[in-house]
1. Looking at B:G331, B:G303, B:G311, which one is part of a strand (DSSP E or B) and open to solvent by less than 30 Å² (accessible area, probe 1.4 Å)?
2. So, B:C117, is that one open to solvent by less than 10 Å² (accessible area, probe 1.4 Å), within 14 Å of chain A (Cβ to nearest Cβ), within 23 Å of the chain's Cα centre (by Cα) and within 25 Å of B:S330 (Cα to Cα) or not?
3. Does B:E195 satisfy the condition of being more than 12 Å from every other protein chain (Cβ to nearest Cβ), open to solvent by 30 Å² or more (accessible area, probe 1.4 Å) and outside any loop (DSSP other than H, G, I, E, B)?
4. Kindly evaluate B:V319 against the criterion of being in a strand (DSSP E or B) and modelled with pLDDT under 95.
5. Applying the selection to region A:19-58, what residues are more than 24 Å from B:D299 (Cβ to Cβ), within 7 Å of chain B (Cβ to nearest Cβ) and open to solvent by 50 Å² or more (accessible area, probe 1.4 Å)?
6. Does any residue in region B:114-136 that is touching a residue at least 12 places away in the same chain (Cβ under 8 Å) come within less than 8 Å, Cβ to Cβ, of a residue that is in a loop (DSSP other than H, G, I, E, B) and open to solvent by 50 Å² or more (accessible area, probe 1.4 Å) six or more places away or on a different chain, and which pairs are these?
7. Sort out for me the helices (runs of 4 or more DSSP H) sitting completely within region B:1-112 that have 2 or more residues that are within 14 Å of chain A (Cβ to nearest Cβ) and at pLDDT below 95.
8. Within region B:198-218, track down each residue that is closer than 17 Å to B:A243 by Cα and part of a loop (DSSP other than H, G, I, E, B).
Amino acid sequence: MPVINVEDLTDLDKAKMEVTQLKIEVTLERAKVSKCCEEISEYIQSGADEDPLVKGIPEEKNPFKEKGGCVIC
Amino acid sequence: YQSRLIIKSIFIDISVIHLFVFLTLVHQVAEKIEALGQFVMKTRRTLKGHGNKVLCMDWCRDKRRIVSSSQDGKVIVWDAYTTNKEHAVTMPCTWVMACAYAPSGCAVACGGLDNKCSVYPLSLDKNENLAAKKKSVAMHTNYLSSCSFTNSDMQILTSSGDGTCALWDVESGQLLQSFHGHSADVLSLNLAPSETGNTFVSGGCDKKANVWDMRSGQNVQSFETHESDINCVKYYPSGDAFATGSDDATCRLYDLRADREVAIYSKESIIFGASSVDFSLSGRLLFAGYNDYTINVWDVLKGTRVAILFGHENRVSSVRVSPDGTAFCSGSWDSTLRVSVRFRFSGESDLRNILYSMVLLFTGIRDYRW
């Protein structure tokens, strides 16, 4: 069973937890934001053509097409 | 041709103008990319059968089955193509806030106010009593808010109102690793896509989103820019970023390598909390369910809203895109689940799409049927 329940921690404990965490994070290597955003952008663009919710798929191929009834064309 | 131009110019999304003020970095980089224009989303299946609020849902990897759980303790497995119920089980507790499908499709996990996560193997024999084979796996000291199988049926990751997340072995019920760092209830967790290694992200009532190393239990990164509880966290498809939905009515995108927030998805008119978010297959669209009963679809790059889906008659509690990206399912406190797709006219033309969208927006037609 996980050892702690947050409700039992005092504010002091919580603050100590936060400080230890921040000390760890200070040493992280960070990449440039402009570069990261470019990469996100490229990733999306390369995949967007195969994305059925972005491009849409024809009714015949759509597994969730309207059951029976009329077809609008 | 001229009328087409006029219609296109009338149809500028006002939020783009708003956002020039709030431009964040992803949107700056994406300036030259063509905007998506307005989408029309249509509900294609409505799954009715829960007697009470639907709190959680998950897709099976076979892209057609869905498991959902509700306030009255019922957990139902549906075939979304036919809307048939395949299995149903009643949990001994109410408020089943978490449910998940196993990667093999042979079991489901669920839990809530019982503080536990239980695994039910799914039998091919529809008459068999599922509850008989139930296995209790996780034990927390407060409610279970979220659960997820790792890449196999053998391990489950859980998050709880006791402020911790934990990794369990399904067979023995043993605690393999526990994750401490949140200073309030943890509401949601999401595993990184398998190619990117053993990490997961969690979000909670302390407004923080934490990224964890599953093997060491270490909190490797944390993000605190939301102004209220984070209700949902979801990894971006490449694993380099994740999105959050919060009670502060915004969704945000955080980049892991840059270690900061890189985009915010909000509008002045949206004042209710976002309860659930998910990405489309390529990551271009972010689907977010809100407490004002709507689902907003955001263009991840531009930061604009490309569609609103009405139809639910109460809060949307859970939104998930299907594994092959063809549809998304939304679960709501109105006790239904809806599977929706992008509506396209066959032999579609740009002009017709725009005209129809305009008609819908200006007349405020909610549940349009052709």
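The values are calculated or read from the model by the stated rules, or taken from the named source; none is laboratory data. Everything numeric here is computed off the predicted structure, so don't read it as measured data. In this analysis, Cβ positions are derived from the backbone assuming ideal geometry, glycine residues included, and neighbour counts consider all displayed protein chains. Calculation scope for accessible area: heavy atoms of the full protein, side chains included, ligands and nucleic acids excluded. Shrake-Rupley method; radii C 1.70, N 1.55, O 1.52, S 1.80 Å.
1. Values: B:G303 fails: part of a strand (DSSP E or B); B:G311 fails: part of a strand (DSSP E or B).
Of B:G331, B:G303, B:G311, the one residue that is part of a strand (DSSP E or B) and open to solvent by less than 30 Å² (accessible area, probe 1.4 Å) is B:G331.
2. Working: open to solvent by less than 10 Å² (accessible area, probe 1.4 Å): yes; within 14 Å of chain A (Cβ to nearest Cβ): yes; within 23 Å of the chain's Cα centre (by Cα): yes; within 25 Å of B:S330 (Cα to Cα): yes.
For B:C117, the condition - open to solvent by less than 10 Å² (accessible area, probe 1.4 Å), within 14 Å of chain A (Cβ to nearest Cβ), within 23 Å of the chain's Cα centre (by Cα) and within 25 Å of B:S330 (Cα to Cα) - is met.
3. Details: more than 12 Å from every other protein chain (Cβ to nearest Cβ): yes; open to solvent by 30 Å² or more (accessible area, probe 1.4 Å): yes; outside any loop (DSSP other than H, G, I, E, B): yes.
Criteria met by B:E195.
4. On the way: in a strand (DSSP E or B): yes; modelled with pLDDT under 95: no.
Considered against the rule, which asks whether it is in a strand (DSSP E or B) and modelled with pLDDT under 95, B:V319 comes out as no.
5. Selection gives A:L28, A:R30.
6. B:D114/B:P92; B:N115/B:T141; B:S118/B:K134; B:V119/B:K134; B:Y120/B:K134; B:P121/B:C106; B:L122/B:C106
7. Numbers: elements: B:2-10, B:14-22, B:25-29.
Because the criterion is at least 2 residues that are within 14 Å of chain A (Cβ to nearest Cβ) and at pLDDT below 95, the helices (runs of 4 or more DSSP H) in region B:1-112 that meet it are B:25-29.
8. The first filter runs over region B:198-218 and keeps only residues closer than 17 Å to B:A243 by Cα, leaving B:199-212.
Those that are closer than 17 Å to B:A243 by Cα and part of a loop (DSSP other than H, G, I, E, B): B:C205, B:D206, B:K207, B:K208.
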